[in-house]
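Reading through the structure tokens given below for one structure.
Values quoted throughout were computed directly from the atomic coordinates according to the rules given, and no laboratory measurement underlies them. Computed from a predicted model, the values in this text were never measured in an experiment. Ideal geometry is used to build each Cβ from the backbone, glycine not excepted, and the neighbour counts take in all protein chains shown.
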Amino acid sequence: MWSKAKNLAGLNIHPFGAVILSQTRSSLTGKLFSGVQTFDLTGCDHIPLTKGKVSYTDMLGSLPSGTDIVHRGMSGHEEPINIATEGVIGGGTYAKRPFDLGLPLFIHKPKSSVLLSTSPDPFTVKEYMIGFQLIKAKGGIISMNLPSVFVRPQSSRHVDEEQFQYYQKCLEAERDSTEFTRGENIFDLADGNNETTAIFASKKGEDWRPRVRDLHSIVLVSDAAGRILSGFMKADQIEATTISNPDFQKKVMAIEVFTTSTGEGKHFQEHLDRMSKRARKLGLIDDSERVLTLLDVSLLMNSPEYQEAQRKYKTNGQTIILSSVPKSIPIASEELVKYALSLIESNPEKELVSSFNELRM
């Protein structure tokens, strides 16, 4: 049964979030939580919580793994608090960033509100958790199911070469106009980027951010060595608090794109054909298929039938990754919705969610 929300400081907060707040109360700021010393955790007894001093290696090795699990390192406790209070990843100050779908720009300067970095490898998120904290560091690592929509930079740089070539020319033009001679290559940066980049929208008004039910667990870390001390301290023992989410569910399907181009313009079909040809050559899709565009994704994510199937089912196996469709299916057509639904319905590992109409967070 889906956990009932609690009312804390006038907010309806999922019990998982309430426990996060109780463990980060020293970091709470602002009028909303002023004077709050303790939290009423009645009804939160079913939320598993473990605390202790562990090594980085043991902590990272204990995180869940799988081809449909990703992790996000968070410097400080602001982002975990935003997740707890808003029930989504990508809220708070993150949502105030510019709306920009340019993947090369995000790889170079990650400042977009609609793209978010995660990693399939828990051992790569340690540096993100420490961030720029110099002496003592605190932070967190959230482990979750694949985002509803995502792109992998290492794949995208090979499929949507034009987008990366354009950005590289911009970098070179900027370099030529300054006194600096050190050049950066966006293709090299993408090659070294093993992230799974979540996409939150294709246009303003859409919201594809992960919800509480997508979150497996969070590890809150305190008293870790910052960037300066980490170079001198031999011991890597840290205080870690692991909070598991009993309402975690793997979604039955996630969507992977190979480009963040919007799919508009009279010449886009030619561009799509080139990208599909490259994806086939790389073995990313079958010979009879084409890659998906953000127009395709927007249609699916705004489809009542597709969203109902996502609420209705979870998987007890692996989340299906929809990254291509038959070439015969036109861009953003109803045939696309029918195709996706047929894959979901034919999945032998799907499982009916009990009381799926209650899943609102």
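To make sure I understand, if each residue's beta carbon is the centre and we count other beta carbons within 10 Å, what order do Tyr306, Tyr313 fall in, fewest to most?
Values: Tyr306 18, Tyr313 21.
With the fewest neighbours first, Tyr306, Tyr313 line up as Tyr306, Tyr313.
Based only on other Cβ atoms within 10 Å, what is the fewest-to-most ordering of Val70, Val149? Working shown, then result.
On the way: Val70 27, Val149 24.
Listing Val70, Val149 from fewest to most nearby Cβ atoms yields Val149, Val70.
Please arrange Arg290, Arg278 by how many other C-beta atoms lie within 10 Å of their C-beta, fewest to most. Numbers along the way, then the final one.
Values: Arg290 22, Arg278 17.
With the fewest neighbours first, Arg290, Arg278 line up as Arg278, Arg290.
What distance in nm lies between label points placed 7 Å from Cα along the C-beta direction at Gln154 and Asn185?
1.8 nm
Restricting to lysines 8 or more places apart or on different chains, can you count the pairs in segment 276-361 with Cα atoms under 18 Å from each other?
Number of lysine pairs found: 7.
Please compute the alpha carbon radius of gyration of segment 249-360, then divide it by the globular-protein estimate 2.2 N^0.38 Å. Two decimals is fine.
My calculation over the Cα atoms of segment 249-360 gives 1.13.
Segment 262-296: which GluC sites (Glu not before Pro) are DSSP loop and have at most 10 other beta-carbon atoms within 10 angstrom? Walk me through the numbers on the way to the answer.
Details: sites: Glu264, Glu270, Glu289; in loops: Glu264.
Listed in order of number, the matching sites are Glu264.
Can you give the extra length, in nm with one decimal, that the chain gains between Thr124 and Ser55 once fully stretched, where that is 0.36 nm per residue apart less the Cα-Cα distance? Provide the component values of the computation, followed by the final result.
On the way: separation 69, 0.36 × 69 = 24.84 nm, distance 1.54 nm.
Computed gain between Thr124 and Ser55 is 23.3 nm.
Mind listing the long-range amide H neighbours of Ile320? Cut-off is under 5 Å, sequence gap 5 or more, other chains count too, H placed in the peptide plane at 1.01 Å from N.
Met253, Ala254
How far, in nm, would the chain grow between Glu172 and Arg25 when pulled straight, counting 0.36 nm per residue and subtracting the alpha carbon separation?
48.3 nm is the gain from fully extending Glu172 to Arg25.
With a Förster radius of 45 Å, plug the Cβ-Cβ distance of Asp286 and Ala95 into 1/(1 + (r/R0)^6) and report the FRET value to the nearest 0.05. Could you put the intermediate results ahead of the total?
On the way: r = 38 Å, r/R0 = 0.83.
Taking R0 as 45 Å, the efficiency between Asp286 and Ala95 is 0.75.
Full-extension gain between Ile331 and Ser346, please, as 0.36 nm times their residue separation minus the C-alpha to C-alpha distance.
Stretched fully, the Ile331-Ser346 segment lengthens by 3.1 nm.
Please give, to one decimal in nm, the separation of the simple spin-label points placed at Ser65 and Glu264, each 7 Å out from Cα toward the Cβ.
The modelled label-to-label distance comes out at 4.4 nm.
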